[in-house]
1. At 222 nm, what value in deg cm²/dmol follows for the chain if DSSP H runs of at least 4 each add -39500 (n - 2.57) and the sum is divided by all its residues, to the nearest 500?
2. Given an 8 Å cut-off on Cα distances and at least 6 residues of separation, report the relative contact order of the range 6-152 as a percent.
3. What residues of the range 138-175 lie in the reach of a label at residue 294, counting those whose backbone N is under 12 Å from a point 7 Å from the Cα along Cα→Cβ?
4. How large is Rg over Rh for the range 204-309, taking Rg from the Cα atoms and Rh as the Kirkwood inverse mean of 1/r across Cα pairs?
5. Given the options 279, 359, 230, state which has the largest fluctuation in a GNM of the chain using a 10 Å cut-off (strictly under) for Cα springs.
6. So how much slack lies between residue 337 and residue 239, counting 0.36 nm per residue of separation and subtracting their Cα-Cα distance, in nm?
7. Could you work out which residue, out of 254, 368, 173, moves most in a Gaussian network model of the chain, that is, has the largest mean-square fluctuation with Cα springs under 10 Å?
8. Neighbouring Cβ atoms within 10 Å as the yardstick, rank 56, 236 fewest first.
Ligand SMILES: Cc1ncc(COP(=O)(O)O)c(C=O)c1O
């Protein structure tokens, strides 16, 4: 697949360049493992899912993990299993994918939007969070924007000081130091554009074994035995002991996840090499744009966000990049500006988030990019500006 499909740039008319924002890196090992699952005749949740969970937990330095069919499902289950529900408030950043807020609503709780620190450190702000705590606040969800970790020890202390649950939306940050280890629960994504992919998929971890057990039960209708247990004669029937969902992962995805998980450390390393190259080339060529965070920030280097100068017309720049074959995006439009959320939580003002979201664009970053692709992207942006 895209092992062969390298980003291309060529200025001839009939072969236009295309540098994708975030191509998955897939090849023969993924194809072979998918064929093996098909040959095995067992497609639904089984041994491969269990092995994927075990290997994911080991890589993250935790004792166990539960595979599900998306990070959104994992967030929902983490909240429910931790007892977050009706009447509770959950502090979340507005600078995140809408799934973070949606999951809070699924649980019956209310999302309360918190500003980021500033445009160079676009993480949920501890100071602003402190001002938003009420007697109904039950939890805070932090999100490792772009793969750059929030200050987890500081957030653990904040949660303990205020008697809150700490949940990580770790969709961007698999295999990064401390991620999944200090919070009450964490949710990961294997959606196609993530650092590792199962096409669709997710994983939950929790520091309390009982909470993780609840997540495991809720993933499959609250049932006490699986189809595989019954097929193998380990169980004849089942009970339903809690409200559950069909959030299961299947064997095809787990098999692909096992291959991708083994490649993840090298994918993350390559992303960091390319991020550092972007930083160097920007420093030389284009000091008017700034990159959030710093070179030594702990990260999976999931995204390459850059802050455009105040005077620039972002839409125009994105169109010029597109014409030159460079895909770009915006991570993210702030959630509190979406029509649905405006109605639900009117009168929210988050000055730093609003400034960041109006000036950020995300540039291509994935392990199959070359350093010359990076230089071409920066050159194109320089010309567009
Ligand atoms: C920060 C964040 N949270 C949650 C999600 C939801 O992940 P999934 O698509 O696996 O449900 C995403 C996916 O894009 C994300 O970027």
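Each reported figure results from applying straightforward, stated rules to the coordinates on display, with no laboratory input. In this text, all values refer to a predicted model and were calculated from it rather than measured experimentally. Quick reminder, even Gly has a Cβ in these numbers, built from the backbone with ideal geometry, and neighbours come from all protein chains shown.
1. -12000 deg cm²/dmol
2. 16 percent
3. none
4. Over the Cα atoms of the range 204-309, Rg/Rh equals 1.23.
5. 230
6. Gain on extension, residue 337 to residue 239, equals 30.9 nm.
7. 368
8. 236, 56
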